[in-house]
Amino acid sequence: MKTTILTSVLFLFVSCTTKDKDDSVVLARVGNQVLTVKKLEILLPAKDRADISIKNFVGDWVDGELMFQAAANRGLLNEQRLLDSRDQYYKKIVVGALLETASSMTGDVSNDDVRSYYDSFSSGFVRHENEALIHLFKAIRLSDAKKITSILRKKNKKSSKEKIDELFSTFDVEIKTVTKGQLIKELDLPIFKTNKLGVVGPIKTGVGFHVVDVIDRYKKGSQRGLESVYDEIYQRIIKQKRVGVFTSLLDSLKEETNVFINSNYR
């Protein structure tokens, strides 16, 4: 993500100073610099081109260009310290692109890779605190919170299924696993003061009322299942692969290139 952002910034600088002919509609102008539709299409991904996003982007471009031109007028473009920083900045982008390309050649992480890692390091996936799998509902009005509580307490009846579905589509609800001490005390205390499953609330908080449906509980010291740590393991393996690629690539380059390091700094 960071590489993508840095690359976008670099594109922005280049696109605003290029002399290539661009006949597309001008969206904004600051002095002799213009932001056109063509430049915007380069800088702003299609998925982010909602009306409000484009307006915000144009506003940010104008603000940035004003500041950049002010810096240029004060002679900062020729300041050696900034030029050196720019060069280092660009090097990091290029190196990041190299590593990203090299890492992509190692192949995807498979389900078998994740399973093998989990089996090998299962002792590391133990809960350090009590946890609870919850549905956390939020309502502004107490009457709505009471309605949620009433429906949830009848959820095992066949006739309540449609009403349960309606709750999830009508109210703000989160489905997550929480650790003791993670939530604000108004929620944490009633959730973890008992080992029972079921509905807790309504609970008044600083943002309205909450109703908690405790679906499952997990004791401190119990094993976390593969499904709950899958994404974490996936990211670990990706990171390991990237470190391996970096080390291998660096060793190879050192063998191919004449490198000198002063003995006082080895």
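Restricting segment 206-260 to residues that are in contact (Cβ under 8 Å) with a residue 60 or more places away in the chain and hydroxyl-bearing (Ser, Thr, Tyr), the residue that is nearest to ASP119 (Cα to Cα) is TYR230.
Yes/no per residue for (1) touching a Leu at 6+ places or on another chain (Cβ under 8 Å); (2) surrounded by 15 or more Cβ atoms within 10 Å (Cβ to Cβ):
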| position | (1), (2) |
| --- | --- |
| VAL212 | yes, yes |
| ILE215 | yes, no |
| GLU232 | no, no |
| GLN235 | no, no |
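Entry remark, segment 146-168: residues being surrounded by fewer than 15 Cβ atoms within 10 Å (Cβ to Cβ), at pLDDT 80 or above and among the polar types (S, T, N, Q) number 1 in total. A single member of GLU255, GLU227 is modelled with pLDDT of 85 or more and under 30 Å from ASN111 (Cα atoms), and it is GLU227.
Cβ-Cβ distances below 9 Å connect no pair with a first residue in segment 173-190 that is on the phi > 0 side of the Ramachandran plot, a second residue that is part of a strand (DSSP E or B) and hydrophobic (A, V, I, L, M, F, W, C), and a separation of six or more residues or different chains.
Of the residues screened, PHE137 is one that is aromatic (Phe, Trp, Tyr) and closer than 13 Å to VAL211 by Cβ.
Selection of segment 182-210 for residues being of a type in the set (A, V, I, L, M), within 17 Å of SER143 (Cβ to Cβ) and surrounded by 15 or more Cβ atoms within 10 Å (Cβ to Cβ) yields VAL199, ILE203. Checking each residue in segment 103-134 for being in a helix (DSSP H, G or I), within 23 Å of the chain's Cα centre (by Cα) and surrounded by 12 or more Cβ atoms within 10 Å (Cβ to Cβ) picks out SER103, VAL114.
Against the definition (at pLDDT below 90, surrounded by 12 or more Cβ atoms within 10 Å (Cβ to Cβ), under 25 Å from the mean Cα position of the chain (by Cα) and not basic (Lys, Arg)), how does PHE171 come out, yes or no? Taking the combined requirement at face value, the residue satisfies it. All told, ALA97 falls short of being in a helix (DSSP H, G or I), touching a strand residue (DSSP E or B) at 6+ places or on another chain (Cβ under 7 Å) and either in contact (Cβ under 8 Å) with a residue 24 or more places away in the chain or surrounded by 15 or more Cβ atoms within 10 Å (Cβ to Cβ) (or both). Scanning segment 47-61 for residues that are hydrophobic (A, V, I, L, M, F, W, C) and within 17 Å of VAL25 (Cα to Cα) gives ILE54, PHE57, VAL58, TRP61.
Of all the criteria given as (1) of a type in the set (S, T, N, Q); (2) surrounded by fewer than 13 Cβ atoms within 10 Å (Cβ to Cβ); (3) within 30 Å of VAL114 (Cα to Cα), the one not satisfied by THR179 is (2). Would you check which residues across segment 49-67 are in a helix (DSSP H, G or I), more than 18 Å from LYS38 (Cβ to Cβ), modelled with pLDDT under 90 and of a type in the set (A, V, I, L, M, F, W, C) and list them? Hit for segment 49-67 is ILE52, nothing else. Is one or more of the residues making up segment 244-265 surrounded by 11 or more Cβ atoms within 10 Å (Cβ to Cβ) and among the charged types (D, E, K, R)? No, that holds for no residue. When LYS239 is tested against (1) farther than 30 Å from VAL173 by Cα; (2) assigned to a loop (DSSP other than H, G, I, E, B), only condition (2) is not met. All conditions in (1) exposed (fewer than 13 other Cβ atoms within 10 Å of the Cβ); (2) outside any helix (DSSP H, G or I) hold for LEU35, with the sole exception of (1). Of the residues making up segment 174-207, just one is closer than 16 Å to HIS135 by Cβ and modelled with pLDDT under 85, namely GLY201.
The values are calculated or read from the model by the stated rules, or taken from the named source; none is laboratory data. Keep in mind that what you see is a predicted model, and the values were worked out from it rather than measured. Cβ sites come from the backbone with ideal geometry, for glycine too, and all protein chains shown count toward neighbours.
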